[in-house]
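The values are calculated or read from the model by the stated rules, or taken from the named source; none is laboratory data. Please read all numbers here as calculations on a predicted model, not as lab measurements. Please note: Cβ atoms are built from the backbone with ideal geometry, for glycine as well, and neighbour counts cover all protein chains shown.
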Amino acid sequence: MQISQILFTKFLSRTKIILYAAVLYILPISVNAAHQCDPVSLAVLGSGGPELDDGRNSSGFAILLEDKARVLVDTGMGTSREFERMSLKFNDVQAVLITHLHVDHVNDLPVYVKGSFFTGRAEDLQLFGPWGNEHLPSMESYIKQILDKKDGLYPYLHRHLPEYEAPYSYNFRTQSAPAEKSQNFTVNKNLIVSSLPTSHGALPSVAWKVNIGGCHLAFMGDSGSKARDAIAKFVKDVDLLVLNMPIEVGAPEPVQALHMVPEDLAVIAKNSKAKKVVLAHFMKRSLKNLSANADIVSKAIKSTALLAKDGDKIPVK
């Protein structure tokens, strides 16, 4: 064999070794990325709205990591009861995210606070919600109005405000999302939440994105179509996306200032390229022809959009 052939053979051999090593280096990362969502699931605590006769709890979700509730997203009426039915534990919760301060998204929060007195919780709880304006208070102001020792609606729960530090209890560490920009909040090394201001008429409202151990979930909250494209960009490539569908195809324009019609939700779902889409926050007007309304989203993503039901446990992977 000539020297040139020997050198060429050695070159090919070395190249194969380098390529093989590169594959071994990259493969674990890819496999690991694919499995980051394996232990994560979404518990539907409430899939309805504010109506009293829709047969559903109001809006609320729990993000589970290895079957433990780590994040609550909205705490509407009835969600605390579903939380109990699903055998979830409040002591496991590390953060609460509120999209806006309508009663069907926040009203059970004092229920969780009172109930936690009997759980022995000692770890402070981080609470995030919208900024305030002339129509609704900020998240910080809301909590103070609920819990303040002197002027609060439930002053006997005041021990959960930081200014009344109590060694036998825990405190809410409350932050409001900004009105003009997206912002990241670090809860701990495995949990980061991000806010996006949306357009629920004149009311402060927030879309939330959650990074839990490298798995990404997003919740659009309530918003008119004005924020459609911004939301689609904000939730790009998430593993699971929850879209609110309280109104139907052909809903009148004034209603669309508060909520998006299914066609707008379809645009968000398609442009976001979310791996899984869940439809929720139904009202009777969207439930009346739910299959037709949901099909618009399903056709846009060329996959089935899941319909949330109270008590559902939806794997993210």
Requested in this report: Could you tell me which residue of segment 63-120 is farthest from the chain's Cα centre (by Cα), considering only residues that are of a type in the set (Ser, Thr, Tyr) and over 19 Å from Val193 (Cα atoms)?
Outcome: Thr119
Query raised in the report: When only residues in segment 106-143 that are in contact with a helix residue (DSSP H, G or I) (Cβ under 6 Å, 6 or more places away or on another chain), among the β-branched types (Val, Ile, Thr) and not in a loop (DSSP other than H, G, I, E, B) count, which is farthest from Gly49 (Cα to Cα)?
Result: Val113
Report task. Give segment 210-225 a look and list any residue that's closer than 17 Å to Trp131 by Cβ and not hydroxyl-bearing (Ser, Thr, Tyr), or say none. Result -> Gly221, Asp222
**Report entry** Those residues of segment 113-153 which are exposed (fewer than 14 other Cβ atoms within 10 Å of the Cβ) and under 27 Å from Leu203 (Cα atoms), in sequence order
**Finding:** Asn133, Glu134, His135, Gln145, Asp151, Leu153
Report summary line: Counting only residues that are outside any helix (DSSP H, G or I), buried (at least 18 other Cβ atoms within 10 Å of the Cβ) and touching an Asp or Glu at 6+ places or on another chain (Cβ under 9 Å), segment 66-92 contains a total of 8
Report task. Sort through Lys236, Lys275, Lys288 and tell me the only one that's within 19 Å of Ser59 (Cα to Cα) and basic (Lys, Arg). Result -> Lys288
Query raised in the report: How do the strands (runs of 3 or more DSSP E) wholly within segment 153-222 filter down when requiring 2 or more residues that are modelled with pLDDT of 95 or more and of a type in the set (Gly, Ala, Ser): which remain?
Result: 191-197
Query raised in the report: What single numbered condition from (1) closer than 24 Å to Leu64 by Cβ; (2) touching a His at 6+ places or on another chain (Cβ under 8 Å); (3) surrounded by fewer than 20 Cβ atoms within 10 Å (Cβ to Cβ) fails to hold for Lys236?
Result: (2)
Query raised in the report: Quick one: how many residues across segment 25-63 are at pLDDT 95 or above and out of contact with any Lys or Arg (no Cβ under 7 Å at 6 or more places or on another chain)?
Result: 16
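Going by the conditions given, is Lys150 out of contact with any strand residue (DSSP E or B) (no Cβ under 9 Å at 6 or more places or on another chain) and either part of a strand (DSSP E or B) or of a type outside the set (Gly, Ala, Ser) (or both)?
It is true that Lys150 is out of contact with any strand residue (DSSP E or B) (no Cβ under 9 Å at 6 or more places or on another chain) and either part of a strand (DSSP E or B) or of a type outside the set (Gly, Ala, Ser) (or both).
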Query raised in the report: Just checking, how many residues over segment 270-302 are of a type outside the set (Val, Ile, Thr) and either part of a helix (DSSP H, G or I) or touching a Ser or Thr at 6+ places or on another chain (Cβ under 7 Å) (or both)?
Result: 19
Requested in this report: Go through (1) over 22 Å from Met283 (Cα atoms); (2) over 13 Å from the mean Cα position of the chain (by Cα) one by one and return the number of the condition Val235 breaks.
Outcome: (2)
**Report entry** Leading residue by the ranking (surrounded by the fewest Cβ atoms within 10 Å (Cβ to Cβ)) among those in segment 45-65 that are of a type in the set (A, V, I, L, M, F, W, C) and closer than 21 Å to Gln126 by Cα
**Finding:** Leu65
Report summary line: Among (1) within 30 Å of Arg81 (Cα to Cα); (2) more than 15 Å from the chain's Cα centre (by Cα); (3) in contact (Cβ under 8 Å) with a residue 40 or more places away in the chain, Leu306 falls short only on (3)
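Residues are listed down the side, and each one gets a yes or a no for (1) in a helix (DSSP H, G or I); (2) basic (Lys, Arg):
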residue	(1), (2)
Ala227	yes, no
Ala232	yes, no
Glu248	no, no
Met260	no, no
Ile268	yes, no
Thr304	no, no
Lys317	no, yes
